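Structure, as structure tokens:
The values are calculated or read from the model by the stated rules, or taken from the named source; none is laboratory data. Everything quoted here is computed from the prediction, not taken from an experiment. No Cβ is skipped: glycine too gets one built from the backbone with ideal geometry, and neighbour counts run over all protein chains shown. Remember, those area values only see protein heavy atoms, side chains included, never the ligands or the DNA or RNA. Shrake-Rupley method; radii C 1.70, N 1.55, O 1.52, S 1.80 Å.
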Amino acid sequence: MVLLHVLFEHASGYALFAVKEVEEIGMLLPQVEQSVLNLGKFSSVLKLSAFFPFKSAQTALENINAISEGVVHADLKLFLGTNLPMGGKTKAVLGVSDAKLGAALQEELNLSIQTGGVVAEIIRGVRLHFHSLVKGLTAQAASKAQLGLGHSYSRAKVKFNVNRADNMIIQSIALLDQLDKDINTFSMRVREWYGYHFPELIKIVSENATYCKLAKLIGNRKELTEEMLEAIEEITMDSGKAQAILDASRSSMGMDISPIDLINIESFSSRVVSLTNYRQELQEYLRSKMGQVAPNLAALIGDVILGAEKALFRYWGSPSLLGFHTAAVMAGPGRSRSGALKTRGNTPKYGLIFHSTFIGRAAAKNKGRISRYLANKCTIASRIDCFSEVPTSVFGDKLRDQVEERLAFYETGEAPRKNLEVMKEAVAEASEVAAEIKRKLAKKEKKKRKREQRKLEALSTAEGDEDLKANGEAEENGDAIKKKKKQEDEDVLTNGVEATTPSKKKKKRKIDTVEAEPEPEVTEEADVTQVEKKKKKKKKKAEDE
């Protein structure tokens with residue numbers, strides 16, 4: 001008998017379901033598809049065998065990364081080894097959704113794996129009713145776990161993207177191309193607009209950025225004087241051009257211009273000038289970025305980094321992808337090369353690296369030869385940049401020297417050095433430079449750790465001072481409370497004395513009253529005796545008489 005278990009990976013943990021009556025389910029596949037939507041019918045088909053919740057979000061992220069790469073995580077291995085029946089008469093079959101993970105489980109745990117078909121339908125139903133099949137798990141908690149894990153997984157993928165530095169270069173190159181088009185269009189608009197007022201300036205100044213700066217500076221040509229000659233010379237960097245502009249303004253054939261039109265022209269010219277300045281800043285940024293990402297290729301191609309390299313990266317996407325292409329592909333663009341191969345014509349000689357100065361310096365008969373040689377060296381440089389641990393420009397400098405020697409060989413016939421000798425020198429120098437870079441990085445890291453340690457010590461001392469202050473304040477508060485208690489006790493004592501003294505007086509008064517009470521009894525007895533004495537005297541008198 002075959003016992004089918006289905007593994008379901010959720011953001012909250014791993015779940016193992018035991019499926020009942022596998023043979024019948026396999027035969028009645030359309031009925032399974034219909035009963036998936038009904039929880040009552042679906043719960044009768046399978047039951048939860050075990051559930052392993054993730055302890056933290058970090059554990060969930062580690063497990064999902066392992067699953068996405070087709071690796072069996074230690075938690076999954078322990079979970080299946082504990083809850084999946086391995087021995088006995090019943091043969092256990094594990095159903096998984098991912099074939100890559102199934103192959104890894106089969107190799108790791110020696111299990112019979114099943115994917116697709118019935119397993120896919122059962123996993124679809126488990127995904128739909130998972131919060132109802134697991135006790136203690138609500139739909140809201142399951143959706144929160146999925147959302148949190150999705151965010152952390154995507155964030156980790158973006159953070160550890162190997163092409164993240166290339167992406168900055170690609171975007172910068174695209175922006176630079178767009179800026180070139182826009183600056184050219186806007187400069188032509190300024191030329192046409194300001195040309196109605198000062199048409200002679202177009203013939204004197206041909207550069208777009210310089211023309212916009214002069215249009216902003218001159219304004220109304222009738223107000224141009226010799227005092228502004230020095231400022232014009234600073235912009236044009238030529239005293240002859242500055243004098244020609246001044247002479248042309250005095251005899252210009254242009255129309256008069258209103259102040260409001262002049263304000264608009266000056267405002268638009270300032271915008272074009274600011275865009276030109278930003279383009280220069282972006283060009284410097286791209287040059288520095290290329291020195292970090294592809295230092296050897298930048299050292300090889302040199303000053304035309306925004307020509308040849310820009311064309312290469314724009315065509316192939318990134319420096320990392322550039323390292324996987326051959327020299328023939330790099331020498332000629334894909335369309336022209338494929339067209340030449342189809343028509344059996346001549347393949348392109350220059351292609352994307354036509355902007356290089358090496359091709360321009362070569363003679364006409366040697367342009368094709370030097371372009372192929374340069375494409376070969378560009379391929380080597382891009383591969384070194386792509387796969388080296390510590391980026392250095394040593395190999396790029398050596399490759400550039402080789403291209404220079406090859407140019408000299410074509411012109412003078414002087415034999416260049418062998419490639420083996422040059423590469424040995426490059427490897428020796430690169431190892432020294434890499435060791436120096438590593439030493440500097442370690443020094444920086446050490447300084448950074450010291451700064452962090454100092455900050456932690458400062459924070460700990462500050463917390464200690466705060467604790468001491470808090471303890472001092474607590475002691476002061478305790479002393480004040482004790483003083484208040486003593487004062488209250490004294491007040492209570494004094495109040496008790498004052499309260500007891502009148503009570504004593506009252507007692508004395510009571511005693512006085514108690515002692516004074518028998519006095520009237522004595523007086524009554526005395527009165528009785530006096531009356532008896534008087535009666536006896538009267539009797540005696542009566543007897544005497």
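Has the range 421-441 got at least one residue that is assigned to a loop (DSSP other than H, G, I, E, B), open to solvent by 60 Å² or more (accessible area, probe 1.4 Å), at pLDDT 85 or above and within 30 Å of Ser356 (Cβ to Cβ)?
No: zero hits.
Restricting attention to the range 53-76, and to residues there that are polar (S, T, N, Q) and assigned to a helix (DSSP H, G or I), which single residue is least open to solvent (accessible area, probe 1.4 Å)?
So the residue we want is Asn63.
Are any residues in the range 372-403 open to solvent by 40 Å² or more (accessible area, probe 1.4 Å) and among the basic types (Lys, Arg), and if so, which ones?
The answer is Arg372, Arg383, Arg400.
Which residue is nearest to Ser132 (Cα to Cα), if the candidates are limited to the range 9-51 and must be modelled with pLDDT of 90 or more and open to solvent by 30 Å² or more (accessible area, probe 1.4 Å)?
Phe51
Taking the criterion of being of a type outside the set (Phe, Trp, Tyr), open to solvent by 10 Å² or more (accessible area, probe 1.4 Å) and in contact with a Phe, Trp or Tyr (Cβ under 9 Å, 6 or more places away or on another chain), would at least one residue in the range 105-119 satisfy it?
No.
Hey, could you check the range 138-179 for residues that are modelled with pLDDT under 75 and assigned to a loop (DSSP other than H, G, I, E, B) and say which is farthest from Arg287 (Cα to Cα)? Give the derivation first.
At the first step, the residues of the range 138-179 found to be modelled with pLDDT under 75 are 157-167.
If we keep only those that are assigned to a loop (DSSP other than H, G, I, E, B) as well, we get 160-163.
Values: Phe160: 24, Asn161: 22, Val162: 20, Asn163: 18 Å.
Checked the range 138-179; the qualifying residue farthest from Arg287 (Cα to Cα) is Phe160.
Against the condition in contact (Cβ under 8 Å) with a residue 12 or more places away in the chain, open to solvent by 80 Å² or more (accessible area, probe 1.4 Å) and over 38 Å from the mean Cα position of the chain (by Cα), how does Arg189 come out, does it pass?
Taking the combined requirement at face value, the residue satisfies it.
Can you tell me which residue within the range 98-120, out of those that are of a type in the set (Asp, Glu) and part of a helix (DSSP H, G or I), is nearest to Leu76 (Cα to Cα)? Give the steps one after another, and end with the answer.
Start the filter on the range 98-120 by keeping residues that are of a type in the set (Asp, Glu), which leaves 98, 107-108.
Now narrow it down to the ones that are part of a helix (DSSP H, G or I): 107-108.
Details: Glu107: 14, Glu108: 11 Å.
Ranking the qualifying residues of the range 98-120, first place goes to Glu108.
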